[in-house]
Amino acid sequence: MVNQERRLLPGAGSVMKHRDARRLSLILLFMPLALWIVLLILLPHIGMGILSLREKIGPRQYEFGLANYIAFFQEPIYWHIMARTAVISLLVTVLALIVGFPVSYYIAKIAGPRTRGAMFMFCLIPLWVSDLIRAFGWILLLRETGVISGILQWTGLASAPVELLYNDAAVVVGLVYTVMLFMIVPLTSTLDGMDDAMIEAGYNLGGNGLTVLRRIIIPYAMPGIVSGSIIVFMLTAGSYLTPVLLGGKYSSWFTQTIYDQFITRYNWESGAAFGFLLLFFTSFVVWIGLKLSGQSLSSTVARS
Amino acid sequence: MTTPTAPDLKCSGVCKNFGPVQAVADISFEIPSGTFFSILGPSGCGKTTLMRMIAGFEEPSAGDIFIKGRSVLNVPPNRRNVKMVFQHLALFPMMNVFENIAYGLRCIGTDRDEIARKVQDVLNRVALPDVGEREIHQLSGGQKQRIAIARCMVLDPDVLLLDEPLGALDLKLREAMKIELKLLQNQFDTTFVYITHDQSEALVMSDRVAVMNDGRFEQIGTPQELYHRPQTAFVAGFVGDSNRWSGKVTGTRGAEVTLETEGGTVVRSRPGDGTKVATGDAVELFVRPEFIELVHRTPRQKRTGLSGKVDNLLFNGANSRALVRLATGDLVEVDVTLTGGTDDVKPGEEVSLSWSTKNAVCFPARAAS
Amino acid sequence: MARRSGNQAFLLGYRLYMAAFFIFLVAPLIAAGIFAFNDSVFPSLPWKGFTLDWFFGTSEPKLGMFHDRRLLQGLYYSFVIALSVSALSVFVGTCNAFLFVRSNLPAKNFFYIIMVLPLVIPGVILGISILVFASTIANTLDDSYGIDLDFLRPGIVLVVLGQFSFVATITSLVITARLRKFDETMEEAAYNLGASRARVLRSITLPYLRPAMIAAGIVAFLVSFENFNTTLFLVGSESPLTITMFDRMAKGGSTPVLNAVSFFLMMGSGVLAIISILVQRDRTAR
């Protein structure tokens, strides 16, 4: 008994040392995350929240209140822009899904193994090119002196230069283009995991193309559809470059309003309030999307 | 402390608790130098935990571990001269074969020429002299196995631990590797401690086997001892194939026990070594299929042994089995030789079974012990 | 038979759709790139012949990108910013990987969600919140103590911090995913063979993570290089390339020098993309 006790003690000592070392390394590992989140995410958002609640009642005179938010709802132009941003973002999301789904399905299920990889890589090309260059490319294609206008004149479909830029359609096309790959990647990876036998079984049990699509493929791809749609919606609603460059000065995108408040009018209080409204709004839509589909945020983001 | 006769590995009263669960309960044993020692047990019996304690990855909750007579309780794993071959080998994929084997030597600061010499030497000994520059993924399963052993042996360990290293191989290769491992152990003349749940691996390779169950050693002995003289019901059931029935003792006469199975068959048997049973005790009876003699029954023949009817034949060459349904309803597995001649038993045939009393072992049923 | 030919027609249509989709994908990129070689002062049709002036031209009106001081400066700033952001994010991402895979951090799932969060906050908002926060601190220090901390004013440091605030999520996700696949017995094996803890980390774990760290670093570099939304609010007098280009584009009347820059950047990204594919397809990936 005595013997055993003697042996236990040094062991216990090293366990303690071991535990201290573990705790120290845990703290050290945790520091970067803590600093990053607290200093760059948490405190700035709190600061912005406080700022957005400051009412300007005179030069260098402020008091707390909701005036900046009230202004948003009283000024129809602001919430019109917000509503417009939301509607176009939803439209872009739906279009991206409609255009992207067949592409993903082809890559995941129809293409041969060798073309599959190549096609997937091909879809990723725009990812490696900046937003700015993509938008610039569209400008060169769509503007009055642009390529498409030129082709239309050359083929005789148009008699004079056609301006395709600076309208909502151009903005939608540009946005769909920009976010497309964030739809295709999660969709393809979800469809890729689907067993071909499930589709064959669907046909085998007497379904036709449409019912197989509706009853088997789409339900299976739902997680991919949800993650793709959420990412696409957030990116679209928060985008700035594409609407401004393709829609022109008066494209009325909500981020542009925020920019105006901050940089042009130097009204930071109201800009901060607008920023929060955008954040609330996108989070709300994402939350609804997650609730409706029963998915979690981390799985959704990790998928993309 | 170190005496010339000190065993390579000795555990005394080793326990390991994970919270309220006792994974290893008071295990003591000694392994003399140069032994191939296996620890055999079903998954979850605590054998991996025991091995990890020997290697130093876990600390025992109580008890002590000695290597070459020296306690290693406070020696971290990288200072213990116990090397380990992992279940999935854990060869380093970012290094080639040479670098894998040289890794341990570099850690102890061996100089370059010495490393090159030692690595080549160990490669020769595992009969793979030319693979030094290969990448790990270019090796076959069996070659990987040998490299994993070479990586440990180059450090000249006191004890080599092997954690089910054959588990990932396919059947054919596994059979070949069993023999090879045994030969390697002979060649290196190092103590091997081999962990497995596969009784045939343990029986084929080992000098001594410990059967482990529920955190305890049930029995330690040579493979023959375990097979022919099991000391507990668990060993009798786990090592080799056995027919197993539950029953009740109806009478004892000297070393002979008469018992009646739940199905109603009356059998004579002997109690297992070191166990005692009395009339009325619940017991478990074990009879190995190869000890049962099966004879065709003809109506004129005088009845000896138990009569039954062949339910099914499981043909597997030399290892064929007959499933015989006794009159009482109990099912018995019997090894039979099927030569393809007219003498073979056929399904539906009436047969009679008999065995020698010494080959029918009974143990007190688990609940009673 | 009818069904078969129906299928054939369907498949043909499907293939055409795919072809059209890929044309849709590359058309703007080709348009952005090809006019860099057009010997005209406008980036538009008609084609007036091949030239490299938009890269190497030394005088107006055909001042090439390699002689355009402001563009070169933008390129330089972008490069410095992107390098800093990727170094910082890879470091923090690696720490986070160990934190989430190896440590016994309490409330791990909660912190994991927190870590993912910056990626779903619109970039514009990250930009303005950091701008507001940094300016508030700078103003307070200035007013109360007369200390003027220049790096808290819009400029390169704020741009780096702003981009880092969400790029770190990307690198953390990539490196964490790789570390999760790591077979921990490999570390035990090295330890068992006599290596010290530090040596195990240096010779086994980090080499295993290296491909993911390089790939994450490249992605971070590109995301930073291309970032616009967050940068827009934090930029000071040292404009990175995207901002410089945007200013010229928004003003209109751009010359093909912008196409030359676009072409240059696309080639650069292409090279980086190939590198990152090559590192990830290494022998340890098997």
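I'm checking my understanding of the structure. Among residues of segment C:106-122 that are in contact with a Ser or Thr (Cβ under 8 Å, 6 or more places away or on another chain) and surrounded by fewer than 17 Cβ atoms within 10 Å (Cβ to Cβ), which one is farthest from the other protein chains (Cβ to nearest Cβ)? Among them, the one singled out is C:109.
Scanning segment B:269-286 for any residue that is under 16 Å from residue B:246 (Cβ atoms), touching a Phe, Trp or Tyr at 6+ places or on another chain (Cβ under 6 Å), open to solvent by less than 50 Å² (accessible area, probe 1.4 Å) and modelled with pLDDT of 85 or more turns up at least one such residue.
Is it the case that some residue within segment B:101-112 is in contact with a strand residue (DSSP E or B) (Cβ under 8 Å, 6 or more places away or on another chain) and among the small types (Gly, Ala, Ser)? The answer is yes; a qualifying residue exists.
Of everything listed in (1) closer than 19 Å to residue B:174 by Cα; (2) modelled with pLDDT under 90; (3) aliphatic (A, V, I, L, M), the single unmet condition for residue B:147 is (2).
Got a sec? Which of C:185, C:244, C:176, C:231 is β-branched (Val, Ile, Thr), farther than 21 Å from residue C:73 by Cα and open to solvent by less than 10 Å² (accessible area, probe 1.4 Å)? Show your work before the answer.
Details: C:185 fails: open to solvent by less than 10 Å² (accessible area, probe 1.4 Å); C:244 fails: farther than 21 Å from residue C:73 by Cα; C:231 fails: farther than 21 Å from residue C:73 by Cα.
Every option except C:176 fails the conditions.
Among the numbered conditions (1) more than 8 Å from chain C (Cβ to nearest Cβ); (2) open to solvent by 70 Å² or more (accessible area, probe 1.4 Å); (3) within 32 Å of the chain's Cα centre (by Cα), the only one that residue B:111 does not meet is (3).
Counting only helices (runs of 4 or more DSSP H) that sit completely within segment A:242-304, those holding 1 or more residues that are out of contact with any Cys (no Cβ under 9 Å at 6 or more places or on another chain) and at pLDDT 85 or above correspond to A:254-259, A:268-293.
Confirm whether residue A:155 is more than 9 Å from chain C (Cβ to nearest Cβ) and open to solvent by 30 Å² or more (accessible area, probe 1.4 Å). The answer is yes for residue A:155.
Within segment A:226-266, the set of residues being open to solvent by 10 Å² or more (accessible area, probe 1.4 Å) and without any contact (Cβ under 8 Å) to a residue 12 or more places away in the chain comprises A:249, A:250, A:260, A:263, A:264, A:265, A:266.
In segment C:14-23, what count of residues is obtained for those that are open to solvent by less than 50 Å² (accessible area, probe 1.4 Å) and more than 7 Å from chain A (Cβ to nearest Cβ)?
In the first step, residues of segment C:14-23 are kept if they are open to solvent by less than 50 Å² (accessible area, probe 1.4 Å); the result is C:14, C:18-19, C:21-22.
Next cut, more than 7 Å from chain A (Cβ to nearest Cβ) only: C:19.
So the count comes out to 1.
The numbered conditions (1) touching a residue at least 24 places away in the same chain (Cβ under 8 Å); (2) out of contact with any Asp or Glu (no Cβ under 8 Å at 6 or more places or on another chain) are all true for residue B:124 except (1). Can you find a residue that is open to solvent by 10 Å² or more (accessible area, probe 1.4 Å), in the same structural domain as residue B:166 (by TED's automatic domain parsing) and under 20 Å from the mean Cα position of the chain (by Cα) anywhere in segment B:60-67? Within segment B:60-67, not a single residue is open to solvent by 10 Å² or more (accessible area, probe 1.4 Å), in the same structural domain as residue B:166 (by TED's automatic domain parsing) and under 20 Å from the mean Cα position of the chain (by Cα).
Can you list the helices (runs of 4 or more DSSP H) found entirely within segment C:174-286 that contain at least 1 residues being over 30 Å from residue B:110 (Cα atoms)?
Numbers: elements: C:185-192, C:197-200, C:206-226, C:229-234, C:241-251, C:257-280.
Fully inside segment C:174-286 and qualifying: C:206-226, C:229-234, C:241-251, C:257-280.
Scanning segment B:114-142 for residues that are within 11 Å of another protein chain (Cβ to nearest Cβ) and among the acidic types (Asp, Glu) yields a count of 1.
The values are calculated or read from the model by the stated rules, or taken from the named source; none is laboratory data. As the structure is a prediction and not an experimental result, all values here were calculated from the model. Virtual Cβ from ideal backbone geometry, glycine too; neighbours counted across all protein chains shown. These area figures cover heavy atoms from the full protein model, side chains too; ligands, DNA and RNA do not enter into them. Shrake-Rupley method; radii C 1.70, N 1.55, O 1.52, S 1.80 Å.
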